[in-house]
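The values are calculated or read from the model by the stated rules, or taken from the named source; none is laboratory data. Quick caveat: nothing in here was measured; it's all calculated off a predicted structure. We place every Cβ from the backbone using ideal geometry, glycine too, and count neighbours over all the protein chains shown.
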């Protein structure tokens, strides 16, 4: 049995005992050299030879490459979509601030006597196109006392156009002045 065993050194230790060998005899009576220090492990040849030739086959390597060829473009597309969504959300937030600002200024200054007003507002490095619509509110029983003000702000993100729309109700300035001046 000993002639079928191969010795494998564990940990790669080198010492003066590594060069020392002991005489052993196998079952047939022949003499052989066999190191027997405690850091040496004996394995059957079949396991030792498998260990020396362990690796990936060509089919396994090709399968891994095909898997990566499919996975990488999908991951990059996912990152692109996430980036676009983040930019659109940031611009939408800025557009909502612009719309709120225009609505507030219009209500406070009562500068909405025209049916449609429009313009461009720059916030930071971005330009936002806005349109203010003034129309009668159909829920008003007195007709034309309450006005529906709607601001639509358009912006561009990643080469596509988007818009944000905000609305509010306001008293008509001419009717508001008439009701306050009456005794």
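For (1) farther than 20 Å from residue 127 by Cα; (2) in contact (Cβ under 8 Å) with a residue 40 or more places away in the chain; (3) not assigned by TED's automatic domain parsing to the domain that holds residue 123, each residue gets a yes or a no:
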position: 65; (1), (2), (3): yes, no, no
position: 80; (1), (2), (3): yes, no, no
position: 84; (1), (2), (3): no, yes, no
position: 87; (1), (2), (3): no, yes, no
position: 95; (1), (2), (3): no, yes, no
position: 102; (1), (2), (3): no, yes, no
position: 105; (1), (2), (3): no, no, no
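Restricting attention to region 115-126, and to residues there that are within 13 Å of residue 151 (Cα to Cα) and exposed (fewer than 14 other Cβ atoms within 10 Å of the Cβ), which single residue is nearest to the chain's Cα centre (by Cα)? Here the answer is 120.
Taking the options 151, 164, name whichever one is within 30 Å of residue 80 (Cα to Cα) and either surrounded by 15 or more Cβ atoms within 10 Å (Cβ to Cβ) or within 37 Å of the chain's Cα centre (by Cα) (or both). It would help to see each step written out before you state the result.
On the way: 151 fails: within 30 Å of residue 80 (Cα to Cα).
It is 164.
Among the residues of region 134-153, which ones are in a strand (DSSP E or B) and touching a residue at least 24 places away in the same chain (Cβ under 8 Å)? Across region 134-153, the qualifying residues are 146, 147, 149, 151, 152, 153.
Looking across region 107-128, the residues that are outside any loop (DSSP other than H, G, I, E, B), free of Cβ contacts under 8 Å to residues at least 60 places away in the same chain, in contact with a strand residue (DSSP E or B) (Cβ under 9 Å, 6 or more places away or on another chain) and more than 12 Å from residue 164 (Cβ to Cβ) come down to 116, 117, 118, 119, 120, 121, 122, 126, 127.
Could you tell me which of the residues 156, 131 is surrounded by 13 or more Cβ atoms within 10 Å (Cβ to Cβ), in a strand (DSSP E or B) and more than 32 Å from the chain's Cα centre (by Cα)? Before the answer, list the steps.
Values: 156 fails: more than 32 Å from the chain's Cα centre (by Cα).
Sole residue among the options that is surrounded by 13 or more Cβ atoms within 10 Å (Cβ to Cβ), in a strand (DSSP E or B) and more than 32 Å from the chain's Cα centre (by Cα): 131.
Here residue 57 clears all of (1) touching a strand residue (DSSP E or B) at 6+ places or on another chain (Cβ under 7 Å); (2) at pLDDT 90 or above except the condition numbered (1). Based on what the data block shows, is residue 97 out of contact with any strand residue (DSSP E or B) (no Cβ under 8 Å at 6 or more places or on another chain), at pLDDT 90 or above and on the phi < 0 side of the Ramachandran plot? Taking the combined requirement at face value, the residue does not satisfy it.
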